[in-house]
1. Please list, ordered by chain and number, the residues whose modelled amide H lies under 5 Å from the amide H of residue A:153; skip anything fewer than 5 residues away on the same chain.
2. What are the ³J(HN,Hα) couplings of the range B:168-177, residue after residue, when phi is run through the Karplus curve with 6.51, -1.76, 1.60 and θ = phi - 60°? Round to Hz, x for glycine and proline.
3. Semi-axes of the equivalent ellipsoid of the protein assembly as shown: what are they in whole Å, largest first, if each equals the square root of 5 times a C-alpha gyration tensor eigenvalue?
4. Relative contact order of the range B:115-265, please, whole-number percent, based on alpha carbon pairs below 8 angstrom and at least 6 residues apart.
5. If you average the sequence gap of Cα pairs under 8 Å that are 6 or more apart and divide by the length of the range A:87-149, what percent do you get for the contact order?
6. Kindly provide the chymotrypsin sites (Phe, Trp or Tyr not before Pro) of the range B:36-124 that DSSP labels as loop, not H, G, I, E or B, and whose Cβ sees at most 11 other Cβ atoms within 10 Å.
7. Rounded to two decimals, what is the ratio between the C-alpha radius of gyration of the range A:114-205 and 2.2 N^0.38 Å?
8. Quick check: the distance between the Cα centres of the range B:201-234 and the range B:104-135, to the nearest angstrom?
Amino acid sequence: MANQATEPERPHGLLVEVAGIDLKLGGNLVLAGVALTASEGEIVTLIGPNGSGKSTLVRVVLGLLEPDRGSVYMRPGTRVGYMPQRVVVDEMLPLTVGRFLALGVPAAGARPRAVLAEVGAAGLAGRPIQRLSGGEMQRVLLARALLREPDLLVLDEPVQGVDVTGQGELFELITRIRDRRGLGVLMVSHDLHLVMASTDTVVCLNHHVCCTGRPEAVSRHPEYLALFGPLAERGLAVYTHQHDHRHAVGGEAAPLAAPPPRQDAAEDTAEDAAETEGRSHG
Amino acid sequence: MDDFLLRALLGGIGVAMVAGPLGAFVVWRRMAYFGAAMAHSALLGVALGLLLELDLNVAVIAVCGALAVLVAALERYKGLATDTVLGIVAHVSLAVALVALAFMETARVDLFAYLFGDILAVTRLDLVWIYGGGLTALAAVVAMWRPLLAATVHEELAEVEGAPVAGVRLAFMLLLALVIAVGLKVVGLLLITSLLIIPAAAARRVARTPEQMAVIASAIGCLAVAGGLYGSLRWDSPAGPSIVVAAAVLFTAVTLATLAFTRRG
């Protein structure tokens, strides 16, 4: 467990630390000076618009892509459970859920059924993998990742193809798994407000790290707001009803209890709309 | 039974047995076009073999293997779509081979035999190649079954889980080259892909597991060889194409049978 003598001193429980990552793909700088850490028991969520480099960063962390510059550290012996963004098994391949799970871990014995039960997908073991609903597929993918007894779960858009109620349930499940197993979670989402309640740290990415911190702080950060626009504010208003204090104009990550004055008329309009919607939701 | 007929049957069955599991992977990995492209380039192997006075099996395996390595290398650069690369490589190598063969006045090449197979002319040495190569390929597929299957389902997931994804992909392509080389004699380069794909597609209708599908595909391939040879004798039709027709008849029969069964059940 102790750090190697040659390694820099790292805090106990740190699983992943990447720093100064530059990566070009096809001539475009996809990642520029990106840094990120994840520790045991911590849920870190990467958010950012489409094409902002979230999945690319995940691939760097997993060792699937070699960065042009920067360091990637993973604690020696860390077992990783990975849930890719999208898994579509060809219709021509006769594969049951049970066999699919066993592909990740040989000779898993009776454990697949136990893990399926853990993710709320008991009874699916004999089902052809192509006959799953979106939510069932995501749970099966989570089960395959958990079968490896991971120290770190890496989830790329774990609620993809799942309806809104299902999304909430899935995030709750991920939080429960973290609580029970004490593992670290690094996940990707395109929507901060969906993951707000189930994340400890948010890293807002748009090729570079715009801001990072606790979800409430990030949701009020000017760079975050600039990136996601009025839509983000609306979402914030609807989901958390905290529209009377935000906007750390021109500053760094806004502290939780520092409500700077509002500035922009356009934002007020957005907020009014949000307020209306918020009330109509009760 | 005549000797040549027995050799034809044995040769065809040898190729069909290994074409079963390999064909299943070709279907699962959507590599039908890759298989066809590789088969087309086999004629370049024949031309090179004649030119350099090499054993033709060795030359074909070498050229098909080189194509596998080339495509695997080109796939790393995202500039061209894989099927475009395959289309270029396949037809250019076929054209170059035809031009080269035309210039070789000393060698009288039975082009038809390479294009459509000459199973009735299978020799003892061919049988050694078919069974030697076939058993090697079968053993290799069995040995790398799990990582190959995992990589077929999802390459990145398999890689994160520690499967040697790049290695098994290249190994699979090389095995395909081997099977195409030995299968050339049986159905020819224009039809070899069908012996990979049709039995596997028919097997999908009844198989419940990947392993069942591979084994059933082998069995259907063997039946197609026997049926095609029988038809060829009976109606004096060309043997290689008759085997493919027999495979198509089996595919249709299995499909109709399963459709009828599921409708009634």
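What follows draws every value from the coordinates through simple rules; no lab data is involved. What you see is a predicted model, and the numbers here were worked out from it, not measured in a lab. Please note: Cβ atoms are built from the backbone with ideal geometry, for glycine as well, and neighbour counts cover all protein chains shown.
1. Result for residue A:153 returns A:81, A:184, A:185, A:186.
2. 5, 5, 5, 4, 5, 4, 5, 5, 4, 4
3. Working: eigenvalues 625, 133, 90 Å².
Over the Cα atoms of the protein assembly as shown, the ellipsoid semi-axes are 56, 26, 21 Å.
4. Details: 153 pairs, mean separation 39.6, N = 151.
That works out to 26 percent.
5. On the way: 71 pairs, mean separation 27.5, N = 63.
For the range A:87-149, the relative contact order is 44 percent.
6. Numbers: sites: B:77, B:103, B:112, B:114, B:116; in loops: B:77.
Those satisfying the criteria are B:77.
7. Numbers: Rg = 12.9 Å, N = 92, 2.2 N^0.38 = 12.3 Å.
So the range A:114-205 has a normalised radius of gyration of 1.05.
8. 23
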